[in-house]
Amino acid sequence: VEEEKDIFTRTEWDRFYRAMTPHFQPLLALLITSGARWGEATALQVRDLDVDAGVIHVRRAWKKGAQGVVLGAPKTQRGRRAIMLPDHVVAMLAPLAAGRPPEDFLLTSPTGRVIHRTNFVERHWKPALAAAGITKDLSPHSARHTFASWALMEGVAPQIVQHRLGHESLETTSRRYAHLLLDAQRAAVDAIGWEPSPGA
């Protein structure tokens, strides 16, 4: 079992979201509701958003290469996936795609450039955490762990969580979130509902 990672509570996330620079709120909304990796979310292009279906198509991701960060395939074979989004998140993203070339990045910096993680964390993520009064060790990747934890705690099937995270196998999901899956077993225990009859 891997070490448990810090996650946001729902109250903390609400405070953090409100404290975030408004320009980046659509990015936060996407991260918390999709489970996508930072490198996948910031690599989405306009053509990857299907507004009518309410889906984003993860087809590429930023990766560290010999010459710095480069655009490549997702981390795993299952990383290429379609992720359904809530209607309110689609409504936030749709204006960002309207009228733009399909190969443009969907989410950009205020100047229209690629969002660089280090710059974003120092100028926006950390100040928003501070403004929200959150002292936990939380990074953009924590939004992914938070999504998975919230979903599993609400009884979403591990296979669905695995797909949305793009994990290569269910074993990866189970190992990473074993403590939550153990808690969920209470429902299975209660569902059986069997006890020996009196005198058996």
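Tabulated data
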{"item": "Failed condition for A132, given (1) out of contact with any Asp or Glu (no Cβ under 9 Å at 6 or more places or on another chain); (2) modelled with pLDDT of 95 or more; (3) not hydroxyl-bearing (S, T, Y)", "result": "(1)"}
{"item": "Residue in region 22-57 that is surrounded by the fewest Cβ atoms within 10 Å (Cβ to Cβ), counting only those that are of a type in the set (S, T, Y) and in a helix (DSSP H, G or I)", "result": "T33"}
{"item": "Meets criteria (modelled with pLDDT of 90 or more and in contact with a His (Cβ under 8 Å, 6 or more places away or on another chain)) for P140", "result": "no"}
{"item": "In region 152-170, the residues that are part of a helix (DSSP H, G or I) and either on the phi > 0 side of the Ramachandran plot or surrounded by fewer than 20 Cβ atoms within 10 Å (Cβ to Cβ) (or both)", "result": "M153, P158, Q159, I160, H163, L170"}
{"item": "Single residue of L85, L71 found to be surrounded by 14 or more Cβ atoms within 10 Å (Cβ to Cβ), at pLDDT below 95 and among the aliphatic types (A, V, I, L, M)", "result": "L71"}
{"item": "Residue selected from region 88-108 under the condition charged (D, E, K, R) and surrounded by 13 or more Cβ atoms within 10 Å (Cβ to Cβ), by the criterion farthest from E168 (Cα to Cα)", "result": "R100"}
{"item": "Failed item, numbered, when A61 is tested on (1) crowded, with 21+ Cβ neighbours inside 10 Å; (2) under 13 Å from the mean Cα position of the chain (by Cα); (3) closer than 27 Å to K136 by Cβ", "result": "(2)"}
{"item": "Candidates L129, L96, filtered to the one that is within 16 Å of Q45 (Cβ to Cβ) and either of a type outside the set (V, I, T) or in a helix (DSSP H, G or I) (or both)", "result": "L96"}
{"item": "Residue match in region 68-79 (condition: closer than 16 Å to H141 by Cα and part of a loop (DSSP other than H, G, I, E, B))", "result": "yes"}
{"item": "Unmet criterion (only one of (1) over 23 Å from L44 (Cβ atoms); (2) modelled with pLDDT of 95 or more; (3) surrounded by 13 or more Cβ atoms within 10 Å (Cβ to Cβ)) for R176", "result": "(2)"}
{"item": "Single residue of T111, T118 found to be within 19 Å of the chain's Cα centre (by Cα), exposed (fewer than 13 other Cβ atoms within 10 Å of the Cβ) and either among the hydroxyl-bearing types (S, T, Y) or not in a helix (DSSP H, G or I) (or both)", "result": "T118"}
{"item": "Test for G199: is it on the phi > 0 side of the Ramachandran plot, loosely packed, with under 14 Cβ neighbours inside 10 Å and at pLDDT 90 or above", "result": "no"}
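The values are calculated or read from the model by the stated rules, or taken from the named source; none is laboratory data. Values in this document were obtained by computation on a predicted structure and should not be read as measured data. Because the Cβ atoms are built from the backbone with ideal geometry, glycine has one as well, and the counts that use them run over all protein chains shown.
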